[in-house]
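Q: Would you mind keeping the following structure in view while I ask a few things?
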Amino acid sequence: MPIGGHVSISGGYAQAAKRVANIGGDVLQMFSASPRGWNFPELSDEEREAFFQTREEKNIAYAYFHASYLINLADTGKTGEMSRRLMTRELGVASEVGVRGSVVHVGSFKDKKAEPELSTQKYEPVLEKLRDILANTPDDTMFIIENMGTRKIGVTLEEIGWIIHQIGDERLGVCLDTCHLHAGGYDITSEENLDEVLTEADKQFGLDRLECLHINDSRDEFESYRDRHENLGEGYIDTSAFTALLNDSRTKELPMILETPGFEGKGPDERNVEILRGLQ
Ligand SMILES: [Zn+2]
């Protein structure tokens, strides 16, 4: 199964590809540019070539961007405009370097209700920007909505599905994060529980849109609406959840991306990769 992690882009995308290979992974997730501030990715021909070459040498099967945490498509002011511009640029670069798409935290409304009413009026700022970003970016890239664990857009599978249906574009995908599912009250800690969640996901947005998984344990309890990641086996998620994902025919072939803090505090590491592989 394809496994990897989110790694630093310090030194460039080629270095990031090496980092993921060094922890025994073949799935790369990285920021397109420094996530501290509104930084737009810029890439020279040399950097692009170095990335292609390293990716091939190291057998990196999948590569994704993770969008900046500053992105908020629900914002109607400057942040919203910067979000539109950055996502448009990022997906343009993704196409240039063969990155499949960006995994995105869509954003949040100012009034954070647990279950906001799904109305086109309320969601118009989000829908309008999504349509615009998709219309102005290459067809070979995906905008991948990540489920959230706190009171942000995308806590429920229903909300994600509703947004996708409003747009109806095949370039919209979904990334499910195990820590966020746990935080938002979706129990996947057995084959039966996972089946229930996948059945619901299929009903809401269609499992063919499920593009990748974020594999994280949680420092917080079930349905806590807190989403602090933990190393596998060290948190509140029973490892049966990961075992279930690794054995279900609907999820076992999906790219699995670790975003764990690491046993030495340096991000996803070999040990987390090995723990995951060991649960197969
Ligand atoms: Zn994320």
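Read the figures in this text as sums done on the coordinates, not as results from a lab. Because the structure is predicted, anything quoted here is derived from the model rather than measured. Here the Cβ positions follow ideal geometry from the backbone for every residue, glycine too, while neighbour counts run over all protein chains shown.
Q: Pick from E230, E270, E264: which is among the charged types (D, E, K, R), surrounded by fewer than 20 Cβ atoms within 10 Å (Cβ to Cβ) and either touching a strand residue (DSSP E or B) at 6+ places or on another chain (Cβ under 6 Å) or more than 22 Å from M30 (Cα to Cα) (or both)?
A: Checking each option against the conditions leaves just E230.
Q: Name the residues in the stretch 221-240 that are of a type in the set (D, E) and within 16 Å of the ligand (Cβ to nearest atom), would you?
A: Of everything in the stretch 221-240, those that are of a type in the set (D, E) and within 16 Å of the ligand (Cβ to nearest atom) turn out to be D227, E230.
Yes/no matrix, rows are residues, columns are (1) part of a helix (DSSP H, G or I); (2) not basic (K, R):
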position	(1), (2)
R19	yes, no
S32	no, yes
W38	no, yes
P41	no, yes
A50	yes, yes
E56	yes, yes
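Q: A further question follows. Has the stretch 146-157 got any residue that is under 29 Å from R226 (Cα atoms), among the hydroxyl-bearing types (S, T, Y), surrounded by 14 or more Cβ atoms within 10 Å (Cβ to Cβ) and touching a Lys or Arg at 6+ places or on another chain (Cβ under 8 Å)?
A: There is at least one residue in the stretch 146-157 that is under 29 Å from R226 (Cα atoms), among the hydroxyl-bearing types (S, T, Y), surrounded by 14 or more Cβ atoms within 10 Å (Cβ to Cβ) and touching a Lys or Arg at 6+ places or on another chain (Cβ under 8 Å).
Q: Now, a different point. Quick check: is even one residue across the stretch 47-70 out of contact with any strand residue (DSSP E or B) (no Cβ under 8 Å at 6 or more places or on another chain), touching a residue at least 40 places away in the same chain (Cβ under 8 Å) and among the β-branched types (V, I, T)?
A: The answer is yes, given that some residue of the stretch 47-70 is out of contact with any strand residue (DSSP E or B) (no Cβ under 8 Å at 6 or more places or on another chain), touching a residue at least 40 places away in the same chain (Cβ under 8 Å) and among the β-branched types (V, I, T).
Q: Continuing with this model, one more query. Which condition breaks for L91 when tested against (1) more than 15 Å from the ligand (Cβ to nearest atom); (2) farther than 24 Å from S32 by Cα; (3) under 15 Å from the mean Cα position of the chain (by Cα)?
A: Exception for L91: condition (2).
Q: While we're looking at this one, here's another question. Which of (1) within 16 Å of the ligand (Cβ to nearest atom); (2) assigned to a helix (DSSP H, G or I); (3) β-branched (V, I, T) is the odd one out, the single condition T243 does not satisfy?
A: (1)
Q: Still on this model: S95: over 17 Å from M148 (Cα atoms) and free of Cβ contacts under 8 Å to residues at least 12 places away in the same chain, yes or no?
A: In short, no.
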